[in-house]
Amino acid sequence: MKHNFRKIEEKWQQKWEEAGIFKAVDGSDKPKFYGLVEFPYPSGAGMHVGHIKAYSSLEVISRKRRMEGYNVLFPIGFDAFGLPTENYAIKTGTHPRKITDDNIAKFTEQLRRVGFSFDWDRVIDTTDEDYYKWTQWIFLKLFEHGLVFRSKALVNYCPSCKVVLSNEDSQGGKCDICHSDVVQKSKDVWYLKITEYADKLLEGLDHVEYPANVKQQQVNWIGKSTGAFVDFTLDGIDEKLEVYTTRPDTLFGVTFMVIAPEHPLIDKYAGRVGNMAAIEAYRSECAKKTEFERTQLVKDKTGVKIDGIEAVNPITGKKIPVFIADYVMMGYGTGAIMGVPAHDQRDYEFAKKFGAEIVEVIKGGDILVEAYSGDGEMVNSGFLNGYTNKKDSIARMIEELEKMGVGRAGVQFKMKDWAFNRQRYWGEPIPIVHCKECGMVPVPYEELPLRLPKVENFEPGTEGESPLAKIESFVNCTCPKCGKPARRETDTMPQWAGSSWYFLRYIDPHNDKAFADPEKLKYWMPVDWYNGGMEHVTRHVIYSRFWHHFLYDIGMVNTPEPYKKRSIQGLILGPDGDKMSKSKGNVVDPLDIVKDYGADTLRTYVLFMGDYGAATPWNDNAVKGCKRFLERVSGFVDIISEDADTQKLETPFHKTIKKVSSDIEDMKFNTAIAALMTLTNDIYAVGKLNKEQIQIFAKLLCPFAPHLSEEIWEVTGGEGFLSVQSWPTYEESKTIEAQTEIGVQINGKLRSTVVIPTGAEKEEVFAIAKADERIASLTQGKTFVKEIYVPNRVVNFVVK
RNA sequence: GCAGGAGUGGCGGAAUGGCAGACGCAUCAGACUCAAAAUCUGACGUAGGUGACUAUGUGUGGGUUCAAGUCCCAUCUCCUGCACCA
């Protein structure tokens, strides 16, 4: 049979759609499988081969699950709010709604042509008002439960996009969208209190199957540390200066304090400060630097001593100087630290430069050379002298501090609250009204969705206010509480809002009474397997876990963790080994591959090209190799025979069923496909195969190359769709060959191979090996010291 | 600096401590062809040998073991994430 991929791919895509065989069934009594892939952002560029690889893993697993008798939910949708669309709208003067609709149509067409077995009845679009109604609903629930607050803060601001960015969106000091430098700006910001869930997010990791590096990255991101808050006093002023430290037991070694340049203490006591001019100069210098510069540059410690203010060590009563320095961040801990130069390298460098005293309190290092942060005996530390265990000395110090009322055990997280507003048009409006009388008032639930007004001009204001602020009819409203005139919030939610709960909406996408029916949620959740990219580990995955934990706490979902298992796909690099990018011109368009080689070839290649989790360069020739493989499979149809010779293939078939089945579960798609290629070579070596065998082969190939497999199933007289036939099974006993070739080593070096009956006794194997001509001649006149046999693998004779 | 991962032919990559290089690509030779493409057959880590074979070989240096790509110690390089986090 000729592999006419153009004809058969169109044919089967149409048939699948007409028959609706990939639709998930609500209320089924079959076991369920919920396979999830990260829904795409529908950009104007269309799909990328990376999307194909990202979806292919769960496509294969979902197809296998269906054949194994599961009720499978394998949905797709579009995460369509966001800046790229809005920027394109501004540039072209086209409404983002139209751009989004066009792009979704384009993506949909592309996805269909690859033959993915998505349930197309459940497609969602985060910009659809029936969808974002529920995004707003969840926001109001968060608001109702005190997890939303507003605060003036230094924020990451992108001057080019004119938008406030979260920490997650400005990693490395660059805007995630346009890559310009981010600056610090003071703004009113909506925050979601994700930090309140830091412990739950950390603890939840113990109950999910994520790859070790993914877990580790989330642990680092959350950055929990335990320690203590200690109150220093200021000499002659009735004021506390609170610090956070992980080593309160080094309190006897504190010789100075440092506060962040932005610390409010300075302005409060400006009158007492003798060198305010110098301090102001230093502060404005710091303000010019971005956070990136402040944290990234390897540089000398800088700072200024505050004249006229001294702190008092609560334990020793000693007076110590106070500095401002930019190595202390306002955003972590209390914005103030106690300087322990003997045991903290940063404090050490600072002390050296500014001439502060260095007092050793832990023995074990050489404080003349560098700070010592290891363990050791406590010295110069009053009641702590003689302690050698860090845990004990910390516990004792906290006990003392608590007794004295000047300190307490505490926990800090690196994770910060989630900045949750953007000054942009193309996002979910934040459903809050500002009333002079009542303050911030939530829009009543029954008024949702709060729709985006129609706008002609999407340009944000020069000071970064939202385009919505210019729409009087939107802004002016009445307070839902007191009925007096009020103003609407004009900021919108960030890109990450819609994707924080989308997997719940797939379960019941058309429900207009709730975001999803509780019974359906109970049946389908949690997501059994979620595949996506490494880049979302500290953003989308954390955010969505947070929302889901919250929904669990208010009784809206039945599990705390949304995703049971997470896997990560590796990047597809350009043929030159560089990351694919338009500017390098090394981007491969999946539709070109579909046109030239077929969807089955594309699907097979992206999984065969290498380890699924690793970054692998694209190789056009290797694509042809996969095409050649499928053509050889196609040729099986012409060599069907009910000849007895085909029995030679029994063992290879059972072996392959076993290997393909387990490799798919382990995401070792490359070796699964290799096993099918090996079997193909075996089949051509025999020269024929029977009908049962070709149908088994088609089933094994079906998750990878479903169009060709369906075609083979049909032309060999298979009934119905192959995609819903049962997955082949194997018998362990039939995966074993009657005879096995094993290696024979002398002193660990391979010298010969012999054929033994599989599972033969040790003694028999030794006899066969010794009878081998080469072995016999090499061991002639030598003494056998030791004889080792690894069943069905290798024999090793140790001789002298 | 901290954490995680990876270094295997010309290339992508396989190998529960047990015959390194499965499978594919590229290359070379042969068949078919007027010829080319496609297809089929064979060779294909490196060095030596006509040859059966011999030596050598998984970043580097040690070690454990009858046996190491795999385990241990040290070291170099690369990738990914975090990073003055007190």
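The values are calculated or read from the model by the stated rules, or taken from the named source; none is laboratory data. Quick caveat, the model's predicted, so the values are computed rather than measured. Counting neighbours? That spans all protein chains shown, and the Cβs are built from the backbone with ideal geometry, glycine included. Note: areas computed on protein heavy atoms with side chains; ligands, DNA, RNA excluded. Shrake-Rupley method; radii C 1.70, N 1.55, O 1.52, S 1.80 Å.
Points worth noting:
- The stretch A:540-572 - residue that is touching a Leu at 6+ places or on another chain (Cβ under 7 Å) and outside any helix (DSSP H, G or I) and, of those, farthest from RNA strand B (Cβ to nearest atom): A:N558
- Within the stretch A:515-539, if we keep just the residues that are in contact with a helix residue (DSSP H, G or I) (Cβ under 8 Å, 6 or more places away or on another chain) and in a loop (DSSP other than H, G, I, E, B), the residue that is surrounded by the fewest Cβ atoms within 10 Å (Cβ to Cβ) turns out to be A:G533.
- Conditions (1) open to solvent by less than 10 Å² (accessible area, probe 1.4 Å); (2) over 30 Å from A:F704 (Cα atoms); number of the one not met by A:L111: (2)
- Subset of the stretch A:559-586 (residues that are over 15 Å from the mean Cα position of the chain (by Cα) and under 19 Å from A:S499 (Cα atoms)): A:T559, A:P560
- Residue within the stretch A:311-325 that is charged (D, E, K, R), more than 26 Å from A:E370 (Cα to Cα), modelled with pLDDT of 90 or more and open to solvent by 70 Å² or more (accessible area, probe 1.4 Å) present: no
- A:K91 open to solvent by 50 Å² or more (accessible area, probe 1.4 Å) and at pLDDT below 95: yes
- Every pair of residues 6+ apart whose Cβ atoms lie under 9 Å, when the first sits in the stretch A:1-14 and is surrounded by 13 or more Cβ atoms within 10 Å (Cβ to Cβ) while the second is β-branched (V, I, T) and outside any loop (DSSP other than H, G, I, E, B): A:M1/A:V637; A:M1/A:I712; A:M1/A:V715; A:H3/A:V633; A:F5/A:V594; A:F5/A:T601; A:E9/A:V594
- Extreme residue, surrounded by the fewest Cβ atoms within 10 Å (Cβ to Cβ), among residues of the stretch A:723-758 that are among the polar types (S, T, N, Q) and closer than 16 Å to A:T656 by Cβ: A:S733
- Residues in the stretch A:245-287 that are within 30 Å of A:N385 (Cβ to Cβ) and small (G, A, S): A:G253 alone.
- Across the stretch A:386-425, the number of residues qualifying as over 37 Å from the mean Cα position of the chain (by Cα), in contact (Cβ under 8 Å) with a residue 60 or more places away in the chain and exposed (fewer than 15 other Cβ atoms within 10 Å of the Cβ) comes to 1.
- Screening A:P575 with (1) open to solvent by 20 Å² or more (accessible area, probe 1.4 Å); (2) near RNA strand B (Cβ under 10 Å from one of its atoms); (3) in a helix (DSSP H, G or I); (4) in contact (Cβ under 8 Å) with a residue 40 or more places away in the chain gives one miss only, at (3).
- A:P431 being at pLDDT 90 or above, touching a Pro at 6+ places or on another chain (Cβ under 7 Å) and open to solvent by 40 Å² or more (accessible area, probe 1.4 Å): no
- Of all residues in the stretch A:232-253, those satisfying the criterion of being open to solvent by less than 10 Å² (accessible area, probe 1.4 Å) and either over 19 Å from A:V273 (Cα atoms) or near RNA strand B (Cβ under 9 Å from one of its atoms) (or both) are A:V243, A:P248, A:D249, A:T250, A:L251, A:G253.
- Of the criteria (1) surrounded by 20 or more Cβ atoms within 10 Å (Cβ to Cβ); (2) hydroxyl-bearing (S, T, Y); (3) within 12 Å of RNA strand B (Cβ to nearest atom), which one A:T646 fails: (3)
- Looking across the stretch A:203-231, just one residue is within 6 Å of RNA strand B (Cβ to nearest atom), under 26 Å from A:T316 (Cα atoms) and open to solvent by 20 Å² or more (accessible area, probe 1.4 Å), and that is A:S225.
- Residues of the stretch A:133-156 include at least one that is open to solvent by 50 Å² or more (accessible area, probe 1.4 Å) and at pLDDT below 75.
- Some residue of the stretch A:238-247 being at pLDDT 90 or above and in a helix (DSSP H, G or I): no
- Annotation: A:K782 fulfils all but one of (1) farther than 17 Å from A:I736 by Cβ; (2) within 13 Å of RNA strand B (Cβ to nearest atom); (3) of a type in the set (D, E, K, R); the unmet one is (2).
- Within the stretch A:1-104, helices (runs of 4 or more DSSP H) holding 2 or more residues that are under 27 Å from A:I696 (Cα atoms): A:5-19, A:49-67
- Where A:T671 falls short, out of the listed (1) away from RNA strand B (no atom under 16 Å from the Cβ); (2) closer than 20 Å to A:T601 by Cα; (3) in a helix (DSSP H, G or I): (1)
- In the stretch A:738-776, residue nearest to RNA strand B (Cβ to nearest atom) [restricted to those that are more than 24 Å from A:K800 (Cβ to Cβ) and of a type in the set (S, T, N, Q)]: A:T740
- The stretch A:254-269 - residue that is near RNA strand B (Cβ under 10 Å from one of its atoms) and in a strand (DSSP E or B) and, of those, nearest to A:G376 (Cα to Cα): A:V258
- Of the criteria (1) exposed (fewer than 15 other Cβ atoms within 10 Å of the Cβ); (2) under 12 Å from A:F118 (Cα atoms), which one A:I76 fails: (1)
- Output for the stretch A:419-442, where each listed residue is in contact with a Cys (Cβ under 9 Å, 6 or more places away or on another chain) and in a loop (DSSP other than H, G, I, E, B): A:R424, A:K436, A:E437, A:C438
- The stretch A:366-392, residues that are more than 30 Å from A:K353 (Cα to Cα) and within 16 Å of RNA strand B (Cβ to nearest atom): A:K391
- The one condition from (1) in contact with a Lys or Arg (Cβ under 9 Å, 6 or more places away or on another chain); (2) away from RNA strand B (no atom under 12 Å from the Cβ); (3) under 27 Å from A:M534 (Cα atoms); (4) modelled with pLDDT of 95 or more that A:V606 does not meet is (2).
- Any chance A:I337 is within 12 Å of RNA strand B (Cβ to nearest atom) and either free of Cβ contacts under 8 Å to residues at least 24 places away in the same chain or not in a loop (DSSP other than H, G, I, E, B) (or both): yes
- Number of positions in the stretch A:776-793 that are at pLDDT 90 or above and open to solvent by less than 40 Å² (accessible area, probe 1.4 Å): 1
- Extreme residue, farthest from A:E732 (Cα to Cα), among residues of the stretch A:743-796 that are touching a residue at least 24 places away in the same chain (Cβ under 8 Å) and hydroxyl-bearing (S, T, Y): A:T779
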